[in-house]
Amino acid sequence: MEAGNHTEVSEFLLLGLSEDPELQPLLFGVLLSMYLVTVLGNVLIILTIISDSHLHTPMYFFLSNLSFVDIGFTSTTVPKMLVNIQAQRKDISYIGCFTQVYFFMIFALLDCFLLTVMAYDRFVAICHPLHYTVIMNPRLCGLLILMCWFIIFWVSLLHILLLRQLTFCIGTEIPHFFCELAQVLKLACSDTLINNIAMYVATALLGVFPFTGILFSYTRIVSSITKISSAGGKCKAFSTCGSHLSSVSLLYGTGLGVYFSSAVTNSSHKSSIASVMYTVVTPMLNPFIYSLRNRDVKGALGRLLC
């Protein structure tokens, strides 16, 4: 069967956050400001880490990758939403929608994977400090990043190939501000059993396992910290994990909030508004979390700006 026969539509309609014309200028201004802050903040974090040799350590190597992923994460959804608001349009092309699904999955999963790798880094630093430089060597750090990209690239590609086999009816409206896999599957006219199975398996393997890894790492970290006799040593050990814990809480907290809000309410509009928290707000706050809570980053950022 040819690819052209898999669908009867050339575009989808994104309903966005609000259909009220009076709210569109306000939404445009707020979202544009948040997007610019996100990009600028994460670019500054990356430049700061690159420019300061004192920050050329595994922890900041992973942080620079997280900042890059956050830029990609928010750039996948926000620019198209801004264009639609400004042009007073709701359409997104068939290829554009699938491209958005693909890159959204990549960057969302990379966020989870990188936070897991960063938790492992903190586990080694606190529980095995004497062997930290040997274990977290540059080769292992690079291998961990490449492994994350490799796994997520192929998993996301599998979802897109399965999505291409579905048939969509004319006049398809997506009750969201971007093309999310679960929302697109609901609009298919053909059987989505295989797609749903693949989505649930991927969620279990690539969502639950990283979170379990983070919990395991911090269980061991807390156990090691409680064995430290001095109060100053305990505070120093906890302070090295504070920024990472804040990012983990923000990402998983907002993600679970969206999940439960969509479970208890049938309103897709409310669910899409809640999705702004983890797609826009979380990437915007991460640079502040790591710069305001970290003395080394603040010092290097000050030297960069001066």
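Of the residues LYS234, LYS186, LYS298, ranked by 1.4 Å probe accessible area with the largest first, the sequence reads LYS186, LYS298, LYS234.
Note on exposure: SER224, SER247 ranked by accessible area (1.4 Å probe, complete protein assembly) read SER224, SER247, with the most exposed listed first. A 1.4 Å probe, protein heavy atoms only, puts the accessible area of THR219 near 90 Å².
Dividing the summed helix terms, -39500 (n - 2.57) for each DSSP H run of n ≥ 4, by the number of residues in the chain produces a 222 nm estimate of -24500 deg cm²/dmol to the nearest 500.
Using heavy atoms of the protein chains and a probe of 1.4 Å, the accessible area assigned to MET81 is about 10 Å².
If you wrap the Cα atoms of the range 134-223 in a convex hull and average its projected area over all directions, you get 8.4 nm². Solvent exposure of the chain, expressed per residue, is 51 Å² of accessible area, with all protein chains present and a 1.4 angstrom probe. Take the alpha carbon gyration tensor of the range 1-111, find the square roots of its eigenvalues, order them as a ≥ b ≥ c, and report rounded if a/c is under 1.5; if not, report prolate when a/b exceeds b/c, else oblate. Taking the square roots of the gyration eigenvalues as a ≥ b ≥ c, the range 1-111 is oblate. Over the chain, what percent of the accessible surface lies on carbon and sulfur atoms, probe 1.4 Å? It is 69 percent, rounded to a whole number.
The alpha carbon convex hull volume per residue for the chain rounds to 152 Å³. Of the residues CYS306, CYS97, ranked by 1.4 Å probe accessible area with the largest first, the sequence reads CYS306, CYS97.
Here the range 182-229 is treated as an ellipsoid with the same Cα gyration tensor; its semi-axes, largest first and in whole Å, are 41, 8, 4. Spatially close Lys pairs in the chain, defined by Cα atoms under 28 Å apart and a spacing of eight or more places or different chains, total 9.
Counting only protein heavy atoms and using a 1.4 Å probe, the accessible area of ASP191 comes to about 120 Å².
The values are calculated or read from the model by the stated rules, or taken from the named source; none is laboratory data. These numbers come from a predicted model, not from an experiment. Only protein heavy atoms, including side chains, enter the accessible area calculation; ligands, DNA and RNA are left aside. Shrake-Rupley method; radii C 1.70, N 1.55, O 1.52, S 1.80 Å.
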